[in-house]
Amino acid sequence: MIINGKLIVSSSPLIRSAETIRSVMMDVIIALFPAALMAVLLFGYRALITIIFAVVAAMLTEAIWRRKRDIFSDGTAAVTGLLLALILPATAPWWLVVVGSASAIIIGKQVFGGIGYNIFNPALVGRAILVVSWGGHMAGDIWPSPQPFAFGHDISAVTGATVLASQEKAVTYSLAELFIGNIAGSLGETSALALLIGGFWLVYKGHIDFRIPGGFIGTVFIMGVLFGGGFYGNIFMTGLFHVVAGGVMIGAIYMATDFVTTPVTPGGRLIFGVGCGLITMLIRLWGALPEGVTYGILLMNAFTPIIDRFTIPQRFGGVKESA
Amino acid sequence: MAQLSFRGGVHPDDAKEMTSKLAIVKMPIPGKIVVPMQQHIGAPCELLADVEKIEKGCYVKAGQKLGDNKGFVSAPVHAPTSGTVIDIGPYNHPLGMKITAVTIEPDGKDEWAENIKPAGNLEDLSPDDIRKIVREAGIVGLGGATFPAHVKLSPPQEKPIDVVIINGAECEPYLTADHRVMLEKSEEILFGLKAMIKALGAVEGIIGIENNKPDAFNLMESLVAEEENIRVCSLPTKYPQGAEKMLIQVTTGRTVPAGELPMEVGVVNHNVGTAVAITQAIREGKPLVERVLTVTGSGVNKPANLQVRLGTLASEILEYCGGLKETTAKLVMGGPMMGLAQPNADVPIIKGTSGVLALTSEDVFLSESSPCIRCAKCVSVCPMNLMPTSIAQASEHANYKQAEKLYALDCFECGCCSYICPSKIPLVQWIRIGKNEIMKSKNN
């Protein structure tokens, strides 16, 4: 029995889990499926076009930049494109979507060195670029209103102000409507229900740490209770309103949990989530913009390295104040 | 009662069903035996060329001492069977280098040396007698760490030991040798545990068994029913449950301080196989010349639990088990998480070899590594609560000071981080490099 020359010698461990970046990204896409489906049900074919353009543009941009033929590759570009689509209005023209996707991939990710090296969440970078460049399409205070189950309906005619614009606007919808998502808003942000379903799936699969969405949503709720103004009957309902309205759910579950741009330590992740919630609510309650999720997360992304440095976990058997 | 667990850990496919129901088979004495002079942690043995006249061409009997070292942290090696010494010189070692070894051509008579005789009743032996028997028998930790057993039975005066834990966790995937030993040699395990308790003056014995081996748990529990000071503890099935610090935490609730040994909290751990070896050394006077190991993996035609003489070559064992399949990608001595990959099968079984695995490419999941995506799965599975990705990065950038600050030296290389990593980064390998460099700078 001669087996010399064909055995692989490697350092232990000698077996590896079957999980790869690609399989994790597939799970994220599966998790976003309910939200994408809701987007199409609510906003019709325009939603579908936006999603397809964003995903394809992101994958193509990355493939061309990396000069690789495998356009799905590790799946991260598809996730960036999908996330970007879900935070765009259904009325966004196709070229805007393509520009957004391309800038998310190039400026948000590749110029830093590609996967693993970017500092800011690429999808949010893409959105931020569109907001400052084409404010008319992306103002964030006027959004298309949904037409449930009217696939062929052109959504662009009917628009509504975001529920975050004012108390008067907010109370025109019930909390149940906000939870289901039948309100004006960006494609994927309106249905808290759909986003939560995907979120639980991701926690179950171990891909996201509950500390980030927990800290984020918890902080938004507490700030809403304390400073929200007490509409919807009582202060707790106001807190809930701030959780289900706008981009908190999609931001907390899918954006603030982006692997690359958030802390790796358990304590750091809690701090990160709380920080996102805090900045979001500062902007919502006292800032010049109606919504603050995008900038809340982008600002906290910048703090990620320093948060990691100061939250190194206590080693097994270690004592406090050691070293 | 809620079952205690430890932080972190992973659940690889344990693949134990291939061999867990197979009784231990005694493999016949092979045509060639290779006895390396180092089969333990500590000072290597020196060949007994002068005293015992061990040289090329001489005849040795089973149990005859071939090498020894006067150092305290060391263990002698013995001839596993009778035969002629046909060579003395460097030979392949599971560690991946060549180490001086005595090659014996067995004569098939398996004649035992004259000094092999029972040591007497346990009641009549003093703790010092037990330590001496264990040392002379060359017994080391059979779980794979190969730390000389008599050293663990000789704690310093100021560190009294009250608990002895027998490690029957067998958390490494694929391996079922300890499982079978518990089923087939349970009484010897209990006797060995009693001998250890006596040697250490301990008050309690605990046998820890992962809850994926209910048959072994039930058997051991019925066996200790009459024993007041010995209990069997069911452990959650999670790798690395058998790591000493995790085992101690789950069985006793005590946490070994960082950088310290278990004796710091009054505990000593021994593997089930070590307990059996101690029993045989006391009852029969036999030194450690054979062990039970698992031969398995999808590359092996006929998986088995074998009792083999130390020094048997992996190639002979694989031959005995029906040979290797063409698709074999890795040959491993030990378990798949902490074992050693071998470049060929011409390598002897040593005291710490708990398994011979032949893994096919589907099992090993070969893949190139991608950049770290900071998913922090390594941070959440690390049983020592370290930040593997950050330590590995520090090592990769040759920033060993940073690696040390991140407690690289606390890593015991269980492999959970590399296992779980979706980017397939060889984290343990980087951390190992960092540890080596840190130790080097400390020794200068």
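Just so it is clear, none of the values below were taken in a lab; they were calculated from the coordinates. All values derive from a computational prediction rather than experimental measurement. Note that we place each Cβ from the backbone using ideal geometry, even for glycine, and neighbour counts take in every protein chain shown.
Name the most mobile residue of B:A225, B:A177, B:A358, meaning the one with the largest mean-square fluctuation, in a Gaussian network model of chain B with Cα contacts below 10 Å.
Sorting by GNM fluctuation, first place goes to B:A225.
Shielding of A:116-128 by partners, i.e. mean partner chain Cβ atoms within 10 Å per residue?
1
Between A:F310 and A:W286, with labels modelled 7 Å along Cα→Cβ, what's the label distance in nm to one decimal, could you check?
2.0
Using only helices, what value at 222 nm comes out for the protein assembly as shown when you add -39,500 (n - 2.57) per DSSP H run of length 4 or more and divide by the total residues, to the nearest 500 deg cm²/dmol?
Roughly -11500 deg cm²/dmol at 222 nm, from the helical runs in the protein assembly as shown.
Take every Cα pair under 8 Å in chain B that's 6+ residues apart, average their separations, divide by the length, and report that relative contact order as a whole percent.
Value for chain B: 19 percent.
Return the Rg/Rh ratio of segment B:292-399 with Cα-based radii and a Kirkwood Rh.
1.09
If you average the C-alpha positions of segment B:159-200 and of segment B:298-369 separately, how far apart do those two centres end up, in angstrom?
If you average the Cα positions of each part, the centres end up 25 Å apart.
Give me the percent of DSSP beta bridges within segment B:119-283 that run antiparallel, rounded to the nearest 5.
Close to 5 percent.
Assuming a viscosity of 0.890 mPa s and a temperature of 25 °C, what translational diffusion coefficient in µm² per second does Stokes-Einstein assign to segment A:200-287, Rh being the Kirkwood radius over Cα pairs?
Here the translational diffusion coefficient equals 188 µm²/s.
Give me the three principal axis extents of the protein assembly as shown from the C-alpha atoms, as integers in angstrom, largest value leading.
Between the extreme Cα coordinates on each principal axis of the protein assembly as shown lie 101, 54, 51 Å.
Quick one: what do you get for chain B if you divide its Cα Rg by 2.2 N^0.38 Å?
So chain B has a normalised radius of gyration of 0.96.
Cα gyration tensor of segment B:226-371, axes a ≥ b ≥ c as square roots of the eigenvalues: rounded (a/c below 1.5), prolate (a/b > b/c) or oblate?
Oblate, because a/c is 1.5 or more while a/b does not exceed b/c.
Take B:S367 and A:S23, extend 7 Å from each Cα along the Cα→Cβ direction, and tell me the distance between the two endpoints in nm.
0.6
Taking each residue of B:323-330 in turn, how many C-beta atoms of other protein chains fall within 10 Å of its C-beta, and what is the average?
That works out to 3 on average.
Of the lysine pairs in segment B:377-443, how many meet both conditions: Cα atoms under 20 Å apart, and a spacing of 8 or more in sequence or different chains?
7
With a ≥ b ≥ c taken as the square roots of the eigenvalues of the C-alpha gyration tensor of chain A, please select rounded if a/c is under 1.5 and otherwise prolate if a/b is larger than b/c or oblate if it is not?
oblate
How much of the DSSP bridge set in chain B is antiparallel, in percent, rounded to the nearest 5?
For chain B, the DSSP antiparallel bridge percentage is about 60.
Please check: in the Gaussian network model of chain B (C-alpha springs, under 10 Å), which one of B:G205, B:G96, B:G242 has the largest mean-square fluctuation.
B:G96
Enumerate the residues in segment A:280-301 having an amide nitrogen under 20 Å from the point lying 7 Å beyond the Cα of A:V132 toward its Cβ.
Under cut-off, by backbone N: A:280, A:283-284, A:287-301.
Taking the highest mean first, how do the peptides B:247-253, B:118-124 order by number of other beta carbon atoms within 10 angstrom per residue?
B:247-253, B:118-124
For segment A:58-195, what is the relative contact order in percent, using Cα pairs closer than 8 Å and at least 6 residues apart in sequence?
Relative contact order, segment A:58-195: 22 percent.
Could you give the Stokes-Einstein D for segment A:121-193 in µm² per second, using the C-alpha Kirkwood radius, 20 °C, 1.002 mPa s?
160
What's the percent breakdown of Cα-Cα distances in segment B:377-443 across 10 Å bins, shortest bin first?
With a bin width of 10 Å, the distribution comes to 26, 57, 16, 1.
At a Förster radius of 41 Å, what calculated FRET efficiency corresponds to the Cβ-Cβ distance of A:F231 and A:F200, to the nearest 0.05?
Approximately 0.90, to the nearest 0.05.
Can you bin segment B:1-81 into rounded, prolate or oblate? Criterion: square roots of the alpha carbon gyration tensor eigenvalues sorted a ≥ b ≥ c, rounded for a/c under 1.5, prolate for a/b above b/c, oblate for the rest.
Oblate, since a/c reaches 1.5 and b/c is not below a/b.
Considering the options A:S23, B:N92, A:M300, tell which one lies farthest towards the positive end of the dipole of the protein assembly as shown, charges being +1 on Lys and Arg and -1 on Asp and Glu at the Cβ, about the Cα centre.
Selected residue: A:M300.
Can you list the aspartates and glutamates whose alpha carbon is less than 13 Å from that of A:K205, not counting same-chain residues fewer than 8 positions off?
Leaving aside aspartates and glutamates fewer than 8 places away in the same chain, those within reach of A:K205 are A:E19, A:D27.
Computed on alpha carbon atoms, what radius of gyration and Dmax characterise segment B:288-340, expressed in Å?
Over segment B:288-340's Cα set, Rg and Dmax evaluate to 10.9, 35 Å.
Mind checking which lysines have their C-alpha under 16 Å from A:K6, skipping anything on the same chain fewer than 8 residues away?
Filter leaves B:K325, B:K330.
Just need the relative contact order of segment B:108-262 here, percent rounded to a whole number, with Cα pairs under 8 Å and 6+ apart.
It rounds to 21 percent for segment B:108-262.
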